[in-house]
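Novice: Sharing a structure here in structure tokens format.
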Amino acid sequence: MDGLWPTVAVTAAGAVAVVILLPTVVLLFPALGMAMGGVAAFFTVLLGLAALPVVDLLHPQAGGQRGMIAGSARRLGAVPVGAAAVAAMVFAGVGLAVDRFDAAHPAPTHLMYAMDADTRQARWLSHEDDPQPWTARYVGKFERVGGEFPGLDEAEYRSGPAQPADLPAPKLELLSDVPGERGNERVLRLRVTPQRPVRVLTVHVDSDTAEVLDAQVAGIRSELPWPLANPPRTAGLTFHAPPPEGIEVTLRLIRKTDRVRVRVMDVSDGLDRLPGFQPRPPGVGIAGSHSSEMLAVARTYPV
């Protein structure tokens, strides 16, 4: 029976480790943009380390005489360890009991808006698998929107219809179109200019209309292969904090059709002025994510 108490104490300490680590996984890591697959692996390693003392206690013979001596030492220290474990569990339980979302501590929720300027169709989007009641007013079924908004990832979003907003799409200008080094190559020089204050600007080329060989921006060349994403469009370029005067992009490509379709999208923050948006009630906040409160507008240009 004496040998049981150290095992119980250390096991309780491991349980406390789980309680402490779980909020980190659920809240902190997603806010930092860490992929949940990597988080799961990291979390498993931490829990494995927390469980090692339990395994050692259950198998003291694995350490031979040293293990037996260590076991005796652990029995002597079982009382303070057990007391600390019990205190930690009590404190954790009390903390979880009083830690509730309210107006002073709003529950984080994820909501964003995306509009296709060509069709004037818009939708609300959310990363939440089980949206809370306020968010559920805007979104419903799961949908992949990477094809229509190639600047977004390929993850499934909760989606719902939204009213189109009076927002201009970024402007795309063809500055020049000249032959490349080989007879079937073309070199397109484009300028993409946001028409409103934005924090992100993206450029994607429809792979059905052209095979992009490389891209050049500000004298820096990006060779293929570009990582494929958002089929049928090739992965494109993403610019953070673009200047108001726009960005010049040079594409070396092989045309598949007479006109190359280029999809441009820009992103700003803030949903308050959008049609159909209802302010969050007390107790509902904003999730700590770079895509929370995001407002995206996309348009396709044939060049």
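Novice: What is the distance, in nm, between label points placed 7 Å from the Cα along the Cα-to-Cβ direction at residue 257 and at residue 171?
Specialist: A separation of 2.6 nm, rounded to one decimal place.
Novice: Taking the simple approach of a point 7 Å from Cα along Cα-to-Cβ for both residue 241 and residue 195, what is their distance in nm?
Specialist: 2.6 nm
Every number in this text was worked out from the coordinates using simple rules, so none of it is lab data. Keep in mind that what you see is a predicted model, and the values were worked out from it rather than measured. Cβ atoms come from the backbone with ideal geometry, glycine included; neighbour counts cover every protein chain shown.
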